[in-house]
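J.: What follows is a single structure, and I will ask about it in a moment.
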Amino acid sequence: WGDAGQYLCLPHPMLGGAAVDSAGTAEQKLRFLSKFAEGDPKWGAMAITEPDAGSDNSSMRTTAILDQETNEWVLNGEKIFITNGKLALEESDGLCVVWATVDPQAGRAGIKSFVVEGNTPGVSIAKQEHKLGIRASDTVSLHFDNVRVPFENILGNPDVQKQATVKGFKGAMKTFDASRPAVAASAVGIARAALELTKEKLAEEGITIDYTKSKHELSAVEQDLMEMEARYKGAWLLTLRAVAMMAHGESNRLQASMCKFRAGEAVTWITQKAVELLGPLGYSRELLVEKWMRDAKINQIWEGTNQVLRNVIALELLKRKALRD
């Protein structure tokens with residue numbers, strides 16, 4: 001835990017695998033995910049964000065047009081901020097799930113997801129980002145120039161994809177119900193590492209929490225440590241709940257959004273507090289604390305910004321209230 005590079009930079013299907021598993025047919029899961037079998041790991045990625053379409057997916061401009069003569073989808077457009085995109089598409093056995101619209105006039109209803117396999121002609125890397133944190137992971141912009149993929153590489157039932165339907169977009173969005181708890185777990189791991197090291201270093205100076213005291217009797221440092229513990233444990237319990245529901249085949253959209261939101265908030269606050277409590281030692285590169293602080297921030301941004309997640313959570317709660325009423 002605490003190693004964002006380990007989470008991001010070992011060959012793994014990542015979000016691409018989550019998308020196939022969430023929206024793909026049984027045949028597609030077997031065909032695409034078998035290449036990630038243990039002992040022969042490959043890279044996966046997912047491409048959603050565009051220069052003019054971040055959280056607002058209805059503004060997506062990457063298109064997928066069906067060539068009736070060859071029965072292939074032709075993809076054109078640009079995607080940005082793609083985690084492990086370079087590794088996934090430069091290896092012949094890698095894959096990237098690309099979100100594109102089959103009908104720009106249909107908004108979200110026209111958005112579908114397509115599997116683009118590694119070394120597919122027409123895919124090029126436009127830019128590689130230099131980032132605040134998670135620097136061990138490649139984050140790239142991709143350009144799609146008449147990229148041809150087989151008709152059966154559209155995720156879900158191909159028969160319903162010839163006409164824009166909201167169902168296709170909802171299927172693609174199920175990806176986040178699986179991926180957000182995974183991101184939350186990584187965030188919680190970073191929070192745990194920062195908390196444990198902070199407590200260890202302060203204990204070396206004789207500063208420990210006396211849990212028998214009332215809160216008003218605790219020092220400011222002790223109160224901060226207890227708050228760090230509370231935020232860490234709360235985020236972890238929410239993450240466990242979201243994962244347990246997913247493992248049992250239950251709908252976890254609300255819980256997945258809640259755990260990712262809370263974990264992003266918690267890890268950002270906890271790592272900043274760790275740097276603060278350890279002072280110059282925390283701010284220097286002598287310890288990993290400053291790195292954990294840099295790695296933490298992304299958890300409030302990717303897989304749905306915390307502002308977007310607030311909306312998702314509110315809508316889910318209101319929808320449930322309406323059903324009860």
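J.: Provide a single number: the residues in the stretch 87-139 that are within 18 Å of residue 10 (Cβ to Cβ) and either of a type outside the set (Lys, Arg) or touching a helix residue (DSSP H, G or I) at 6+ places or on another chain (Cβ under 7 Å) (or both).
T.: Of the residues in the stretch 87-139, the ones within 18 Å of residue 10 (Cβ to Cβ) are 87-91, 93-96, 118, 133-139.
Add one more test, that the residue is either of a type outside the set (Lys, Arg) or touching a helix residue (DSSP H, G or I) at 6+ places or on another chain (Cβ under 7 Å) (or both), and what stays is 87-91, 93-96, 118, 133-134, 136-139.
Selection size over the stretch 87-139: 16.
J.: Do we find a residue being more than 23 Å from residue 22 (Cα to Cα) and of a type in the set (S, T, N, Q) anywhere in the stretch 190-206? Let's see the steps before the verdict.
T.: Pass one, the stretch 190-206, residues more than 23 Å from residue 22 (Cα to Cα): 190-206.
Subset that is of a type in the set (S, T, N, Q): 198.
Checked the stretch 190-206: at least one residue is more than 23 Å from residue 22 (Cα to Cα) and of a type in the set (S, T, N, Q).
J.: Still on this structure, I have one more. Run down 277, 281 and say which single residue is more than 16 Å from the chain's Cα centre (by Cα), outside any loop (DSSP other than H, G, I, E, B), buried (at least 16 other Cβ atoms within 10 Å of the Cβ) and in contact (Cβ under 8 Å) with a residue 24 or more places away in the chain. Give the steps one after another, and end with the answer.
T.: On the way: 281 fails: buried (at least 16 other Cβ atoms within 10 Å of the Cβ).
Sole residue among the options that is more than 16 Å from the chain's Cα centre (by Cα), outside any loop (DSSP other than H, G, I, E, B), buried (at least 16 other Cβ atoms within 10 Å of the Cβ) and in contact (Cβ under 8 Å) with a residue 24 or more places away in the chain: 277.
J.: Would a scan of the stretch 190-200 turn up a residue that is more than 30 Å from residue 318 (Cα to Cα), touching a residue at least 24 places away in the same chain (Cβ under 8 Å) and open to solvent by 60 Å² or more (accessible area, probe 1.4 Å)?
T.: To start, the set of residues in the stretch 190-200 that are more than 30 Å from residue 318 (Cα to Cα) comprises 190-200.
Cutting the leftovers down to touching a residue at least 24 places away in the same chain (Cβ under 8 Å) gives us 190-195, 197-199.
Okay, now just the ones that are also open to solvent by 60 Å² or more (accessible area, probe 1.4 Å), so 192, 199.
The answer is yes, given that some residue of the stretch 190-200 is more than 30 Å from residue 318 (Cα to Cα), touching a residue at least 24 places away in the same chain (Cβ under 8 Å) and open to solvent by 60 Å² or more (accessible area, probe 1.4 Å).
J.: Mind checking which helices (runs of 4 or more DSSP H) fall wholly inside the stretch 13-97 and carry at least 1 residues that are closer than 21 Å to residue 309 by Cβ?
T.: Details: elements: 14-23, 26-33, 85-90.
By residue number, 14-23.
J.: Mind checking which pairs have a first residue in the stretch 117-133 that is within 16 Å of residue 146 (Cβ to Cβ) and a second that is of a type in the set (A, V, I, L, M) and at pLDDT 95 or above, Cβ under 7 Å, 6 or more apart or different chains?
T.: Cβ pairs passing all conditions: 120/147; 120/149; 122/147; 123/116; 123/142; 123/147; 126/142.
J.: Follow-up. With (1) open to solvent by less than 70 Å² (accessible area, probe 1.4 Å); (2) closer than 14 Å to residue 181 by Cβ; (3) among the charged types (D, E, K, R) as the list, and residue 222 as the residue in question, which single condition is left unmet?
T.: Here residue 222 meets the rest and fails (2).
J.: Right, here's the next one. Can you find, within the stretch 6-20, the residue that is surrounded by the fewest Cβ atoms within 10 Å (Cβ to Cβ) among those that are within 13 Å of residue 175 (Cα to Cα) and of a type in the set (A, V, I, L, M, F, W, C)?
T.: From the stretch 6-20, those within 13 Å of residue 175 (Cα to Cα) are 13-20; that's our starting set.
Narrowing the set further to residues that are of a type in the set (A, V, I, L, M, F, W, C) leaves 14-15, 18-20.
On the way: 14: 25, 15: 27, 18: 21, 19: 33, 20: 25.
So, considering only residues that are within 13 Å of residue 175 (Cα to Cα) and of a type in the set (A, V, I, L, M, F, W, C), the one surrounded by the fewest Cβ atoms within 10 Å (Cβ to Cβ) is 18.
J.: Just to verify a result, which residue in the stretch 115-150, among those that are among the acidic types (Asp, Glu) and not in a strand (DSSP E or B), is nearest to residue 90 (Cα to Cα)? Break it down into steps so the answer makes sense when it comes.
T.: From the stretch 115-150, those among the acidic types (Asp, Glu) are 117, 129, 138, 145; that's our starting set.
Next, from what is left, pick out any that are not in a strand (DSSP E or B): 129, 138.
On the way: 129: 17, 138: 12 Å.
Here the residue is 138.
J.: May I pose another question? With the requirement that a residue be among the aliphatic types (A, V, I, L, M) and open to solvent by 60 Å² or more (accessible area, probe 1.4 Å), what does the stretch 284-296 give you?
T.: Our first condition is that a residue be among the aliphatic types (A, V, I, L, M); within the stretch 284-296, this holds for 287-289, 293, 296.
Listed by number, the residues that qualify are 288, 293.
J.: Does the stretch 134-155 hold any residues that are modelled with pLDDT of 95 or more and under 20 Å from the mean Cα position of the chain (by Cα), and which are they?
T.: 140, 141, 142
The values are calculated or read from the model by the stated rules, or taken from the named source; none is laboratory data. In this text, all values refer to a predicted model and were calculated from it rather than measured experimentally. Every residue, glycine among them, receives a Cβ derived from its backbone with ideal geometry; neighbour counts consider all protein chains shown. Side chains included, ligands, DNA and RNA excluded: accessible areas come from the protein's heavy atoms. Shrake-Rupley method; radii C 1.70, N 1.55, O 1.52, S 1.80 Å.
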